[in-house]
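**Student:** Quick one: the structure is below, questions incoming.
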Amino acid sequence: MTTYRRPATSTRVRRFAAMLYETLCGIALIKIHVILGRPLRNWRTTWGTTAAERDRTYPGDDLVREPGWSYTHAVTVAAPPADVWPWIVQIGQGRGGLYSYVGLENLIGCRITNTDSVLPEFQELRPGDAIHLHPKAPPIPVVFVEADSHLVMHGHDPQTSEGTVWGFHLLPHDGSTTRVIERGCYSYGPSLRSRLTFGPLLLEPISFVMSRKMLLTIRKLAEHLTVSRPEHASAPIRASDRSRSRH
């Protein structure tokens, strides 16, 4: 009996259709949040967090001394930090991807490919390493790494007063779950270009849509990694067993 196999082109068409649908949804969400910018700003900049998590001090908070605006996002992941960290540490263009709306990112030339696998070659980061978000944009230097706990990136241009801090903080919760905290902080100069590029008017609603998708994707990937482990398998090699480094 001959087994029928669906042509590979059919799979590619389905994947393209799914990506197109996802991209259109992302565009629609961005339009909504840009239009409703200020009324929804407080909700967006605190999405998923508790008051204690918002008030807490994290590594990197002092790197932008006079921020123009900031946000703290959070999501609960049903996985230990050791299963969340591999996805965080491999983030970036030319690495594991950004786990967000890949179609939107590639429309502006990011050349992103999102992986659904842990990539061994990208499991080590040290202060001074650089994370690319776009092949033609300056990378964001890594300034603080504590495996299974914190990853902080920081860029600053003293001539324009433009600066950014992008951090991920993994807080163990209830033994088998993790609170993933993403904190961003921005400063910008007086010029129109600087205000449009780093100010909250456009960047805040756009980054919220992309960040929310990213955090939900990381949650899905980490939880899948956890449930795919045999119940009695040996514990995974924890990144925290490696040497810790900081700026």
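**Student:** Given contacts defined as C-alpha pairs under 8 Å and at least six residues apart, what's the relative contact order of the stretch 114-186, whole-number percent?
**Tutor:** After rounding, I find 18 percent.
**Student:** Something else: Cross-link candidates for Lys31: which lysines have Cα within less than 18 Å, leaving aside residues fewer than 8 places away along the same chain?
**Tutor:** Hits, sequence-local ones excluded: Lys213.
**Student:** Once Rh for the stretch 115-155 is found with the Kirkwood sum over Cα pairs, what is the Stokes-Einstein diffusion coefficient at 25 °C and 0.890 mPa s, in µm²/s?
**Tutor:** In µm²/s, the coefficient rounds to 217.
**Student:** Between the stretch 182-210 and the stretch 48-69, how many Å separate their Cα centres?
**Tutor:** Answer, in whole Å: 16.
**Student:** Using θ = phi - 60° and the Karplus relation 6.51 cos²θ - 1.76 cosθ + 1.60, list the HN-Hα couplings for the stretch 216-225 in order, rounded to whole Hz, with x at every Gly or Pro.
**Tutor:** Per residue, the Karplus-derived 3J(HN,Hα) values read 5, 5, 4, 4, 4, 5, 5, 5, 5, 4 Hz.
**Student:** Over the stretch 149-216, what lengths in whole Å, largest first, do the semi-axes of the equivalent ellipsoid take, defined as the square roots of 5 times the eigenvalues of the alpha-carbon gyration tensor?
**Tutor:** In descending order the semi-axes read 29, 14, 6 Å.
**Student:** Moving on. Quote the accessible area belonging to Phe168 in square angstrom, nearest 10, computed with a 1.4 Å probe and with ligands, DNA and RNA left uncounted.
**Tutor:** In the full protein context, Phe168 sits at about 0 Å².
**Student:** Under the classification rounded if a/c is under 1.5, otherwise prolate if a/b is larger than b/c and oblate if not, where does the chain fall, given a ≥ b ≥ c as square roots of the Cα gyration tensor eigenvalues?
**Tutor:** Judged from the Cα gyration tensor, the chain comes out oblate (a/c at least 1.5, b/c at or above a/b).
**Student:** Ok, one more. Mind checking the alpha-carbon convex hull of the stretch 87-162 and giving the volume per residue in Å³?
**Tutor:** 105 Å³
**Student:** How high is the FRET efficiency from Ser191 to His156, r the C-beta distance, R0 22 Å, rounded to 0.05?
**Tutor:** E(calc), rounded to 0.05, equals 0.85.
**Student:** Okay, next question. Note the per residue figure in Å³ for the convex hull of the C-alpha positions in the stretch 32-147.
**Tutor:** For the stretch 32-147, the hull spanned by Cα atoms encloses 158 Å³ per residue.
**Student:** Please work out the Cα center distance from the stretch 71-135 to the stretch 147-171, rounded to the nearest Å.
**Tutor:** 14 Å
The values are calculated or read from the model by the stated rules, or taken from the named source; none is laboratory data. Keep in mind the model is a prediction, meaning the values are calculated, not measured. Quick reminder, even Gly has a Cβ in these numbers, built from the backbone with ideal geometry, and neighbours come from all protein chains shown. Protein only, heavy atoms only, side chains kept; ligands, DNA and RNA dropped before computing areas. Shrake-Rupley method; radii C 1.70, N 1.55, O 1.52, S 1.80 Å.
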